[in-house]
1. Counting only other residues whose beta carbon sits under 10 Å from that of Ala239, what net charge do I get with K and R as +1, D and E as -1?
2. Taking the Cα centre as origin and putting +1 on Lys and Arg beta-carbons and -1 on Asp and Glu beta-carbons, what dipole magnitude results for the range 184-308, to the nearest 20 debye?
3. Taking the dipole about the Cα centre of the chain, with the C-beta of Lys and Arg at +1 and of Asp and Glu at -1, give me whichever of Ile136, Phe78, Val148 is farthest to the positive side.
4. If you place +1 on the Cβ of every Lys and Arg, -1 on the Cβ of every Asp and Glu, and leave all else neutral, what size is the dipole of the range 4-169 about its Cα centre, to the nearest 20 Debye?
5. With an 8 Å cut-off on Cα pairs and a minimum separation of 6 or more residues, tell me the relative contact order of the chain in percent.
6. Of all DSSP beta bridges in the chain, what percent run antiparallel (nearest 5)?
7. Report, in whole Å, the centroid distance computed from the Cα atoms of the range 222-283 and the range 135-167.
8. Placing +1 at every Lys and Arg Cβ and -1 at every Asp and Glu Cβ, with all other atoms neutral, what dipole size does the chain have around its Cα centre, in debye to the nearest 20?
Amino acid sequence: MAEMMEMRVAYCNKLLELGEKDGRVCILDADLMKSHGTIPFKERFPERAIDCGVAEANMVGVAAGLCVQGFIPYASTFGCFASRRVFDQFFLSGNYAQLNIKLVGSDPGITAELNGGTHMPFEDIGLMRTIPGLVIAEPADGVSVGAVTELMYRHYGCCYLRLQRKPSPVLYEKDERFEIGKSKVLRKGKDAAIVALGAVEVNEALKAADELSRQGIECTVVDAIWVKPLDCELIRGLASECGRIVTCENHQAATGLGSAVADLIVDENLPCRLKRVGIKERFGQVGKKDFLIRDFNIDAESIANTVKSF
C-alpha cells in the first residue's frame, strides 16, 4: 500500500517553513482557511494571514497591494473562483503590472466532488495559459507540492498553483529535486508515452501502464507538473523515441496540457502522433471521485484504451 500524504498539509508546512525565514511571505484566503489547511500559518503569523471573506476578486486586489509593499502573497480559493471569478483582476493587477502574486486554485476538476458542476473547474488552466509569462503548475503528490510552493516563492512573477487538497499517494522521496519547467519520468517504455498532469491522472496513468505492460505494451509515464513553461526538451525526446504520446488531464482536453503539447508538436513539426485524454465538451456534475473519473473517461481504462487505439 502506497504511503499517502495530505496535499494541503504539505502546502501549509512549506508556507510555515518559508514564513519562518522570510517575513515577506503572507497568505490570503477567501473564507477557506480550514479547507486549505492554512490555519497553522494564521496561528503562527497572525499579522501575515488575511481572511478576505467571500470576495475573491478583492482578495487578488489586496494581494497586488501587498506585492507593491514588498510582500510575497499566496492567495488561495477554490479553483473555479481562482480562475473564472478573478481572471480580470489577476490578469491586470497582477500580471500586467508585473507583480508577484502566487494564486492557488484548489479542488481542481473532479476533485471538487460533491460541490458539483458550479465548483468543478475544467477550464482554469485554459484561461491561465493565455496570460503572458505566467508560471502554471499542478503537482501530483505532497512532496512535489512542497517543492513547487518553494520554487514559486523563489521565482519573481505571478504563478498559478493548481492544488488538490486531499491525500494522494507519495510518488517521490523527500530529497527529490525539482525545477520550474522540468517534468519527471516515472517509468520508461518504448511503445508510447503517457504524459499526465496532477495527482488524479498521474496515478491513473501509472495504473494504465501496469495493465498495458501485462498486455505486452511498454509505456513511458511522465508527471508533467508544469503546463507553463512546458518541458519542451522532454516532449521532443518522447516524440523521437516513442512517436506516440497520450496526454492525460483532469481538465478540458481542448485547452490544457494536451493543447500545450499539441502546439509544440505542430509548431516544430515533430515526428509524433498525439491523443488527448481529458474532459470533452462537458460541464461538471455532483458525484464522488470514483464515479466521476469513470463517467468523464479519464480513468486508467480510458487511458489504456487510448494508447491501444494507436
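1. Details: positive: Arg236, Arg244, Arg273; negative: Glu241, Glu268.
The answer is +1.
2. Values: 18 positive and 19 negative charges, 37 e Å.
Taking the Cα centre of the range 184-308 as origin, the dipole is about 180 debye.
3. Ile136
4. Working: 16 positive and 18 negative charges, 41 e Å.
Computed charge dipole of the range 4-169: roughly 200 debye.
5. On the way: 668 pairs, mean separation 54.7, N = 310.
About 18 percent, as a whole number.
6. Numbers: 8 of 45 bridges.
Taking every DSSP beta bridge with both residues in the chain, the antiparallel ones total about 20 percent.
7. 20 Å
8. Details: 37 positive and 42 negative charges, 35 e Å.
In debye, rounded to 20, the chain gives about 160.
No value in this document is a laboratory result; all are computed from the given coordinates. The structure presented is a predicted model; accordingly, all values stated were derived computationally and were not measured. Quick reminder, even Gly has a Cβ in these numbers, built from the backbone with ideal geometry, and neighbours come from all protein chains shown.
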